[in-house]
Amino acid sequence: MHKLAQQQSSSTAFRLEFHPEASLSSALVTYLHAIGVEQSFGIIGGAIGVLYDALEDSAIQVRHFRHESGAAFAATEAHFATNKPTLVFTTTGPGLLNALTGMTAAKWDGAKVVMISGSTSAPQRGRWATQESSSYTMSQDALYCRGPLFDYGVRVEHPAEFQAVSRRLGAGLLRPGGFIAHVSIPISLQSSRIDLPPQGVLTRVTAPTVATDDLDTCIDLLSQGSFAIWLGFGARDAAPAVRKLIEKTGAPVFCSPRAKGIIPEHHPRFVGVTGIGGHHSVSEYMLQYRPERVLVLGTRLGEATSFWDRDLVPEHGFVHVDLDPEVPGSAYPDVPTIGIQAEVGSFLEGLIDRWPHDVSSKVASEPIVMPIRDELGPLREEGPVRPQALMRAIQRKVVNETEALVMSECGNSFAWCNHHLRFPSAKRYRVSTLFGSMGHCAAGVVGAAMARAGKAVAITGDGSMLMNSEISTAVQYNTQAVWIVLNDAGYGMCESGQKVLGLNSGQLSMPSVDFVSFARSMGADGIRVKRETDLEAALEQAMTAIKPFVVDVVIDRDEPSPLMERFESLLRQGSSKSFAGWDI
C-alpha cells in the first residue's frame with residue numbers, strides 16, 4: 001500500500017437560537033436542522049412521543065411511514081436525492097429492530113442518516129417493560145456503540161451529554177463520505193430541560209489532501225504503459241473531472257452498476273458495466289488489449305462489482321483511490337495495489353493539473369462499440385411481456401424523455417436494468433447492489449420522490465412489492481412515485497439461481513397479484529400491461545399521472561436474466577450440490 005494522505009479539519013463558529021427552556025428533544029432537533037437535516041422519516045410510538053412532538057414543532061419535515069424499514073430506506077434515498085443528511089425516528093423494541101435492515105443498507109451504500117430511537121428508562125430496565133430496549137433484552141455493543149452497524153452510537157444517560165453528542169453528530173455529518181449514527185434517548189430524558197450556550201464550535205472535516213509526490217507517483221505509474229479507468233459510486237460527484245481525464249488521456253472506462261451515467265453510456269471510450277447484470281465486453285476488452293494498470297475511482301471492487309473476476313486484473317495491478325483507507329487491496333488482496341486515500345474529485349483535479357500534455361493511455365484509440373445491442377426484434381402483440389421489451393420502453397419513455405430518477409430493485413430487476421438501461425448523466429440511476437435488501441427501492445422511491453418534489457421511478461419485482469412498498473405513505477403525502485412491477489408470480493432471481501445450482505425451487509412461485517387493484521385500494525392509480533405493444537402508452541400515462549402510480553407488467557418468466565456471472569460466483573463458493581458439467 002502507498003502512503004496515505006492526511007485528513008484535514010477546520011472549525012467554524014455558529015449561532016443557534018434555542019428556547020430559554022429548551023428540552024433535550026427540541027434542542028437536538030434544532031441542532032440537526034442547523035447542520036442540514038430537512039426531512040425525517042419514521043413511525044411514532046410511546047417511547048418516542050416527546051421527540052416526535054418536537055419534530056412536528058420544528059422546521060424539519062416529518063413523514064410518517066407504515067414500517068420502520070421502509071422509513072429507513074426512504075431516508076437513505078432522500079439523502080442521495082438531495083445530498084443532505086436525513087433523520088429516522090423509531091420507538092423502542094420492534095420499532096428499533098425493524099429499522100436496522102434499512103439503516104444497515106444506508107451504511108453499506110454510504111448515506112448520511114441519523115436514527116433517533118426511544119429507550120427504556122433506567123428505573124424500568126430489567127423489569128419487562130413493554131417493548132423494553134436495554135442491556136437485559138438487546139446487545140448494547142451492536143446498537144449503542146461504534147461498530148459494523150453505526151459510525152457513531154450512544155444511549156444518552158443525562159441531559160448534559162447534549163454538547164458531546166451534538167458535536168460528534170456535527171463532525172460526522174459534515175465529513176466527506178457516509179455517516180450513520182444512532183442516538184437513543186430514554187423516555188424520562190426526552191423532555192428534560194437543559195442549559196445551552198448561545199453558540200459553539202462546529203468541526204468540519206474536509207477531504208484528505210493528496211500530496212504532490214503521491215500525484216507524481218500515480219502519473220509515473222499510469223504513464224509507463226496503457227491504463228484503463230474503473231468507476232464506482234464514490235466518483236458520482238466528480239463526473240466533469242472524469243470526463244476531462246478521459247479526454248486528456250484517451251483512457252477507456254468501465255463502471256460498477258452504481259456508477260452508471262457518471263460517464264455517458266454512449267461515450268466512445270465507454271467499455272461497459274461490470275458486476276451484476278454487467279457486460280461481457282469489459283472482460284473481452286481486458287483480454288484483448290491488456291492494459292497494464294487500472295485506475296480505480298471510488299469502488300470497493302466487491303462481488304457485485306467484480307465477481308472477483310481474474311480477467312479484470314491488469315498485468316501490473318491497480319491504482320486505487322477511495323475515501324476509506326481500508327478499501328484498496330481488500331477485494332483482490334494478492335494483486336499489487338497502490339492505495340490513495342482521497343475524495344475522487346480532488347484527486348482528479350490534482351492529477352489532471354499535473355498530467356503531461358504528451359502522455360496518453362497508450363491503448364487502442366478507435367471508438368469502442370457500446371456492448372448493448374437491441375436484438376429484440378418486433379414487439380409481441382400477445383403476452384407475456386419480455387423484460388427486454390420493457391427495458392427498451394423504459395429507456396425511451398422514462399430515461400430519454402424525462403429527468404426522473406430511476407431506481408432498480410434487488411433481484412432480476414436490477415440485472416435487467418444494469419444491463420439494458422443507458423444513462424447520459426450521473427445521479428439519474430440508483431441501485432443498492434451491496435446489501436441487496438428486497439423492498440429497498442420499492443420503499444425508497446417514496447423518499448426519493450419526496451426529496452425531489454418530483455417523479456421518481458422504481459423498477460421492482462412482485463416479491464419486493466409485497467414485502468415493502470409504502471404505497472399508502474406515498475398517497476398520504478401525494479408523492480410522485482411510480483412503480484414498474486415485473487410481475488412473474490414468483491421470486492424470479494431466486495428460482496433461476498436454485499435451478500442453475502441444482503437446488504430445490506419448489507415453493508418460489510406465489511399466487512398472482514393484481515397490483516393495480518392493490519394500488520387503487522390505497523388511493524393510488526395504475527395500469528396493467530399484458531402486451532409489449534401497450535408498454536409505451538402505459539409508461540406515458542405513469543409519467544404524467546398526478547398521483548402515485550403502478551405499472552403492473554405481466555412478464556415472461558422464461559426469459560433468462562443476465563445473471564449468469566452471479567450464479568457462477570455462487571458455484572465457485574460451493575453453493576451447488578455438484579460441480580459436474582460446469583466449466584467455471
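Numbers for the structure displayed
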item	result
Failed condition for residue 405, given (1) touching a residue at least 60 places away in the same chain (Cβ under 8 Å); (2) more than 20 Å from residue 539 (Cα to Cα); (3) not hydroxyl-bearing (Ser, Thr, Tyr)	(2)
Number of the condition not met by residue 298 [criteria: (1) open to solvent by 20 Å² or more (accessible area, probe 1.4 Å); (2) out of contact with any Pro (no Cβ under 7 Å at 6 or more places or on another chain); (3) not aliphatic (A, V, I, L, M)]	(1)
Elements of type strands (runs of 3 or more DSSP E) in the stretch 285-346, at least 2 residues being of a type outside the set (Gly, Ala, Ser) and within 13 Å of residue 254 (Cβ to Cβ)	293-297
Whichever residue in the stretch 426-439 is in contact with a Cys (Cβ under 9 Å, 6 or more places away or on another chain) and open to solvent by less than 50 Å² (accessible area, probe 1.4 Å) and, among such residues, is farthest from residue 473 (Cα to Cα)	433
Residue in the stretch 124-144 that is of a type in the set (D, E, K, R), under 22 Å from the mean Cα position of the chain (by Cα), buried (at least 18 other Cβ atoms within 10 Å of the Cβ) and at negative phi present	no
Any chance residue 279 is open to solvent by less than 30 Å² (accessible area, probe 1.4 Å), over 26 Å from residue 177 (Cβ atoms) and not aliphatic (A, V, I, L, M)	yes
Qualifying position, being β-branched (Val, Ile, Thr), farther than 30 Å from residue 305 by Cα and open to solvent by less than 20 Å² (accessible area, probe 1.4 Å), among 553, 516	516
Unique residue being closer than 15 Å to residue 260 by Cβ and buried (at least 24 other Cβ atoms within 10 Å of the Cβ) when the list is 415, 456, 442	415
Pairs where the first residue, in the stretch 210-221, is among the hydrophobic types (A, V, I, L, M, F, W, C) and the second is surrounded by 16 or more Cβ atoms within 10 Å (Cβ to Cβ) and in a loop (DSSP other than H, G, I, E, B), C-beta under 7 Å, 6+ apart	210/5; 210/342; 211/5; 219/355
Residue 436 within 19 Å of residue 532 (Cα to Cα), modelled with pLDDT under 95 and not in a strand (DSSP E or B)	no
Where residue 271 falls short, out of the listed (1) open to solvent by 10 Å² or more (accessible area, probe 1.4 Å); (2) in contact with a helix residue (DSSP H, G or I) (Cβ under 6 Å, 6 or more places away or on another chain)	(1)
Test result for residue 74, small (Gly, Ala, Ser) and out of contact with any Asp or Glu (no Cβ under 8 Å at 6 or more places or on another chain)	no
Residue 87 vs. criteria free of Cβ contacts under 8 Å to residues at least 60 places away in the same chain, surrounded by 23 or more Cβ atoms within 10 Å (Cβ to Cβ), assigned to a strand (DSSP E or B) and among the hydrophobic types (A, V, I, L, M, F, W, C)	yes
In the stretch 102-139, the residues that are assigned to a helix (DSSP H, G or I) and either at pLDDT below 75 or of a type in the set (Phe, Trp, Tyr) (or both)	108, 122, 123
Complete set of residues in the stretch 148-176 that are in a loop (DSSP other than H, G, I, E, B) and buried (at least 17 other Cβ atoms within 10 Å of the Cβ)	149, 150, 151, 156, 174, 175, 176
Of all residues making up the stretch 182-236, the number that are small (Gly, Ala, Ser), modelled with pLDDT under 90 and touching a Lys or Arg at 6+ places or on another chain (Cβ under 7 Å)	1
Failed criterion for residue 423 (all others in (1) surrounded by fewer than 24 Cβ atoms within 10 Å (Cβ to Cβ); (2) farther than 23 Å from residue 561 by Cα hold)	(2)
Residues satisfying the stated conditions in the stretch 468-521, i.e. part of a helix (DSSP H, G or I), hydrophobic (A, V, I, L, M, F, W, C) and at pLDDT 90 or above	471, 474, 475, 515, 516, 518, 519
Residue match in the stretch 524-532 (condition: over 30 Å from residue 452 (Cα atoms), in contact with a helix residue (DSSP H, G or I) (Cβ under 8 Å, 6 or more places away or on another chain) and modelled with pLDDT of 95 or more)	yes
Residue in the stretch 35-53 that is in contact with a helix residue (DSSP H, G or I) (Cβ under 7 Å, 6 or more places away or on another chain), surrounded by fewer than 24 Cβ atoms within 10 Å (Cβ to Cβ) and in a helix (DSSP H, G or I) present	yes
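The values are calculated or read from the model by the stated rules, or taken from the named source; none is laboratory data. Computed from a predicted model, the values in this text were never measured in an experiment. Heads up, the Cβs are rebuilt from the backbone with ideal geometry, glycines too, and the neighbour counts pull from every protein chain shown. Note: areas computed on protein heavy atoms with side chains; ligands, DNA, RNA excluded. Shrake-Rupley method; radii C 1.70, N 1.55, O 1.52, S 1.80 Å.
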